[in-house]
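**Student:** Handing you this structure, nothing more for now.
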Amino acid sequence: MTDKVVLDHGAGGGMSQELITDTIAAILGDTYVGEMEDSALLELPGTRIAMTTDSFVVDPVFFGNGDIGKIAVAGTVNDLAVSGARPLYLTLAVVLEEGFALDDLRRVLRSVADTARAADVKIVAGDTKVVRRGEADGIFLNTAGVGVLQRSCTLSSRSLRPGDRVVVTGFLGDHSIHLLSLREGLGFERRVLSDCAVLSHVVAHLLDVCGDGVRCVRDITRGGLGTVVNEFAQASSVSVLLDEPALPVRPETAMAADMLGVDVMYLANEGNLCLVVAPDRADAALAALRSHPECARAAVVGEVVAGEPGSVAMTGADGRVRPVDLLYGAQLPRLC
């Protein structure tokens with residue numbers, strides 16, 4: 001039995017079946033309910049569904065507080081949750097590079113299974129491909145997710161109104177800084193961990209408490225808070241004014257960002273939400289969010305104001321107002 005992925009694992013024969021049955025399905029355990037057919041037949045408890053898909057290419061594959069498996073499940077579940085859906089089912093496609101250690105694959109799959117259990121979702125179908133050495137970066141994951149919409153409220157980035165409050169649920173930029181520190185040897189990786197987390201239970205509680213008072217929710221991933229708020233402002237043709245001193249930023253993250261010459265506003269998270277709520281529901285939203293350990297640093301960081309439609313600005317500690325523009329490209333190399 002080899003301890004590395006070889007091309008024959010992707011040939012569709014006995015070694016492929018062995019990899020899928022003895023490694024992938026065995027480790028996923030009770031989170032996997034697929035029948036090894038070409039399609040999964042599912043019962044959906046409702047008539048409206050949400051569906052999403054994503055691909056995950058994390059470097060490094062393993063990091064503090066997570067790995068590519070945890071990100072794949074958490075990221076897909078969170079994308080469903082912020083649409084107002086209850087996540088139910090995932091598919092999982094694995095692209096393996098020849099030479100990838102099978103022990104590392106098992107570790108990733110155990111993380112997939114643990115995160116799926118925590119999110120109360122089932123993996124219903126999947127696919128495995130093996131490519132030649134040098135044609136991939138060890139392991140890539142692709143997921144699709146399905147959830148049901150059981151609430152009457154509609155979350156939309158087109159629904160912002162003047163006076164609405166902008167809220168974030170945790171420290172900004174930790175995921176980017178942790179991965180960069182690991183890759184570049186900056187020394188921050190033990191003090192700043194990735195914030196990778198499943199947040200579907202947080203969103204469900206928020207909507208139970210605030211209902212229609214929640215205008216929209218978005219997970220802050222690539223592009224950071226600056227990108228998310230610009231997308232909100234453009235979609236609703238409103239202006240947003242952020243309060244820089246109110247932004248929850250870990251001192252070590254700010255220090256690392258300064259060293260690297262990057263703006264925390266555009267750094268990625270993997271367990272942080274940005275939401276917009278009606279002004280009379282802001283306090284209730286904060287109380288609901290802060291009742292969850294992952295969101296203990298939730299804060300109001302801005303407001304929808306009268307101004308140029310589609311614009312975002314931020315007031316600094318010195319009282320000066322500067323624009324927060326939408327980045328045209330990327331300020332960092334690919335992290336995930």
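The values are calculated or read from the model by the stated rules, or taken from the named source; none is laboratory data. Not measured: the values here are computed from a predicted model. Backbone-built Cβ (ideal geometry, glycine too); neighbour counts: all protein chains shown. Accessible surface areas use protein heavy atoms only, side chains included; no ligands, DNA or RNA. Shrake-Rupley method; radii C 1.70, N 1.55, O 1.52, S 1.80 Å.
A quick yes/no check of all residues on (1) closer than 11 Å to I139 by Cβ; (2) touching a Phe, Trp or Tyr at 6+ places or on another chain (Cβ under 8 Å); (3) surrounded by 18 or more Cβ atoms within 10 Å (Cβ to Cβ):
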position	(1), (2), (3)
D54	no, no, no
G69	yes, no, yes
G75	no, yes, yes
D79	no, no, yes
V82	no, no, yes
L88	no, no, yes
V94	yes, yes, yes
F100	yes, no, yes
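**Student:** What number of residues within the range 147-169 are in contact with a Gly (Cβ under 8 Å, 6 or more places away or on another chain), open to solvent by less than 20 Å² (accessible area, probe 1.4 Å) and closer than 11 Å to C216 by Cβ? So that I can check it myself, show each step before the final result.
**Tutor:** Just the residues of the range 147-169 that are in contact with a Gly (Cβ under 8 Å, 6 or more places away or on another chain), to begin with: 148-151, 153-155, 165-166.
The next check asks that each one be open to solvent by less than 20 Å² (accessible area, probe 1.4 Å); those that pass are 148, 166.
After this cut, where a residue has to be closer than 11 Å to C216 by Cβ as well, the list is 166.
Total meeting the criteria: 1.
**Student:** Shifting gears a bit: Considering V262, V192, which residue is in contact with a Lys or Arg (Cβ under 7 Å, 6 or more places away or on another chain) and not hydroxyl-bearing (S, T, Y)? Lay out the reasoning, then the answer.
**Tutor:** Working: V262 fails: in contact with a Lys or Arg (Cβ under 7 Å, 6 or more places away or on another chain).
Of the residues listed, the single one that is in contact with a Lys or Arg (Cβ under 7 Å, 6 or more places away or on another chain) and not hydroxyl-bearing (S, T, Y) is V192.
**Student:** Does L141 qualify as being open to solvent by less than 40 Å² (accessible area, probe 1.4 Å) and part of a loop (DSSP other than H, G, I, E, B)?
**Tutor:** Details: open to solvent by less than 40 Å² (accessible area, probe 1.4 Å): yes; part of a loop (DSSP other than H, G, I, E, B): no.
So L141 fails the test.
**Student:** Are there helices (runs of 4 or more DSSP H) fully within the range 202-314 with at least 1 residues that are open to solvent by less than 20 Å² (accessible area, probe 1.4 Å) and under 15 Å from T169 (Cβ atoms)? List them.
**Tutor:** Hits in the range 202-314: 224-236, 282-290.
**Student:** Select, from A125, A118, the only residue that is farther than 23 Å from D283 by Cβ, among the hydrophobic types (A, V, I, L, M, F, W, C) and open to solvent by less than 30 Å² (accessible area, probe 1.4 Å).
**Tutor:** Among A125, A118, only A125 is farther than 23 Å from D283 by Cβ, among the hydrophobic types (A, V, I, L, M, F, W, C) and open to solvent by less than 30 Å² (accessible area, probe 1.4 Å).
**Student:** Assess whether L179 counts as being more than 28 Å from D325 (Cα to Cα) and outside any loop (DSSP other than H, G, I, E, B).
**Tutor:** On the way: more than 28 Å from D325 (Cα to Cα): no; outside any loop (DSSP other than H, G, I, E, B): yes.
Considered against the rule, which asks whether it is more than 28 Å from D325 (Cα to Cα) and outside any loop (DSSP other than H, G, I, E, B), L179 comes out as no.
**Student:** Follow-up. What pairs come out if I take residues in the range 136-165 that are farther than 23 Å from L80 by Cβ and pair them with residues that are in a loop (DSSP other than H, G, I, E, B) and modelled with pLDDT under 90 whose C-beta lies under 8 Å away, six or more apart or interchain?
**Tutor:** What qualifies is D137/D59; P162/A306.
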